[in-house]
Amino acid sequence: MSDKRLVLASKNPGKLREFRDLLAGRAIEVVGLDPHAPEVAETGTTFEENALIKARAAVAATGLPALAEDSGIMVDALGGEPGVRSARWVPGSDEDRLRALLARMEGVPAHLRTARYVSVIAVVLPSGREELFRGEWEGRLTDAPRGTGGFGYDPIFELSDGRTAAELTLHEKNAVSHRAQALDRCLERLPALLEES
């Protein structure tokens with residue numbers, strides 16, 4: 001048990017596992033939100049605003065320093081859509097959203113199918129101090145899904161080596177993803193921020 005506790009502003013057990021794995025060996029105990037805590041409306045128009053909304057709510061609910069992440073995919077040919085609405089762009093499942101995105105991209109030539117995953121991590125302390133960390137992962141959209149790993153739009157997000165994000169191992173993805181980049185920047189500051197709280 002660490003003397004430094006941090007609440008992850010998410011009820012998603014997969015995201016909690018991922019962050020615990022990424023923070024392993026750092027003497028920081030990552031706790032999740034109570035599954036019965038009220039949902040927080042993500043009303044922001046940017047990843048930064050939504051991450052801050054979630055982190056502020058977690059601090060208010062727990063009194064602990066909070067880390068929240070907001071992420072999504074931005075497609076150049078669609079003017080940056082789905083963007084902050086990536087997880088709720090169309091109703092239904094991840095598969096429904098992936099199929100909707102492929103349908104919107106039908107007929108768009110390969111050189112215009114550029115996209116990026118964006119992740120913004122907000123750390124908010126009980127004192128009110130707030131810091132933001134951003135990561136971006138460049139790629140392009142394929143014509144059809146490939147791979148069984150990852151989630152969301154990973155099966156159609158192709159990297160420069162020709163593999164999709166869904167064809168990477170979790171270890172490979174955690175070394176290069178938008179979330180890993182944002183977290184690397186966050187981890188440079190996190191110990192000092194937690195010392196303050």
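The values are calculated or read from the model by the stated rules, or taken from the named source; none is laboratory data. This structure is a prediction, so every number in the text was calculated from the model and none was measured. Counting neighbours? That spans all protein chains shown, and the Cβs are built from the backbone with ideal geometry, glycine included. Note: accessible area is taken over every heavy atom of the protein model, side chains too, but ligands, DNA and RNA are not part of it. Shrake-Rupley method; radii C 1.70, N 1.55, O 1.52, S 1.80 Å.
Could you name the aspartates and glutamates in cross-link range of LYS54, using Cα to Cα under 14 Å and dropping any fewer than eight places away on the same chain?
Reachable aspartates and glutamates: ASP34, GLU39, GLU42, GLU69, ASP70, GLU130, GLU131.
So how exposed is PHE133, as accessible area in Å² (1.4 Å probe, rounded to 10)?
Counting only protein heavy atoms, PHE133 exposes about 20 Å² to solvent.
Measuring from centroid to centroid over Cα atoms, what is the spacing of segment 121-159 and segment 6-84 in Å?
12
Any idea what the relative contact order of segment 25-169 is, in percent, if you count C-alpha pairs under 8 Å spaced at least 6 apart? It would help to have the intermediate numbers written out before the result.
Working: 253 pairs, mean separation 28.4, N = 145.
Computed over segment 25-169, the figure is 20 percent.
Along the Cα→Cβ direction, 7 angstrom out, place labels at ASP34 and ASP143. What is the inter-label distance in nm?
Calculated label separation equals 5.3 nm.
Between (1) 1.41; (2) 1.04; (3) 1.12, which entry matches Cα Rg over 2.2 N^0.38 Å as derived from the coordinates of this structure?
Given (1) 1.41; (2) 1.04; (3) 1.12, the structure-derived one carries the label (2).
What 222 nm value per residue comes from the helices of the chain, counting each DSSP H run with n ≥ 4 as -39,500 (n - 2.57) and dividing by all residues, nearest 500 deg cm²/dmol? Kindly include the intermediate steps, with their values, before the conclusion.
Details: 5 runs with 63 residues, N = 197.
Computed mean residue ellipticity for the chain: -10000 deg cm²/dmol.
Need one number: the % of Cα-Cα pairs in segment 6-84 sitting beyond the 13 Å mark. Mind showing how you got there, number by number?
Working: 2110 of 3081 pairs.
Tail fraction, whole percent: 68.
So how tilted is helix 13-22 from the main axis of the chain? Cα-based, degrees 0 to 90, rounded to 10.
Around 70 degrees separate the two axes.
Output the 0 to 90 degree angle, nearest 10, between the alpha-carbon long axis of helix 47-62 and the longest principal axis computed from the alpha carbons of the chain.
Once rounded, the angle reads 30 degrees.
For the residue pair ALA41 and ALA27, what label-to-label distance in nm results when each label sits 7 Å from Cα along the Cα-to-beta-carbon direction?
Result: 4.3 nm between the two label points.
Can you work out the FRET efficiency for the pair ALA110 and ASP161, with r the C-beta to C-beta distance and R0 = 25 Å, to the nearest 0.05? Mind dumping the intermediate values first?
On the way: r = 16 Å, r/R0 = 0.63.
Between ALA110 and ASP161 the formula returns 0.95.
Pop a pseudo-label 7 angstrom from the Cα along the beta-carbon direction at both GLU172 and VAL90 and give the gap in nm to one decimal.
Here the answer is 2.8 nm between the modelled labels.
Can you work out the Karplus-derived ³J(HN,Hα) for every residue in segment 165-181? Use 6.51 cos²θ - 1.76 cosθ + 1.60 with θ = phi - 60°, whole Hz, and x for glycine or proline.
These are the phi-based 3J(HN,Hα) values: 4, 6, 9, 8, 6, 4, 4, 5, 5, 5, 8, 10, 5, 4, 5, 5, 5 Hz.
So what are the radius of gyration and Dmax for the Cα set of segment 38-78, in Å?
Cα only, segment 38-78: 12.2, 42 Å (Rg, Dmax).
Check GLY80: other-chain or 5+ apart residues with amide H under 5 Å from its amide H, H built from backbone geometry?
VAL75
Give a residue-ordered list of calculated ³J(HN,Hα) values for segment 100-105 (Karplus: 6.51 cos²θ - 1.76 cosθ + 1.60, θ = phi - 60°; whole Hz; x for Gly, Pro).
Once θ is set to phi - 60°, the couplings for segment 100-105 become 5, 5, 4, 5, 5, 8 Hz.
Which one of GLY162, LEU67, TYR117 is farthest out on the positive end of the charge dipole of the chain, using unit charges on Cβ (Lys, Arg +1; Asp, Glu -1) and the Cα centre as origin?
The one lying farthest along the dipole's positive direction is LEU67.
Name the residues whose placed amide hydrogens come within less than 5 Å of the amide hydrogen of LYS11, ignoring near sequence neighbours (fewer than 5 apart) on the same chain.
none
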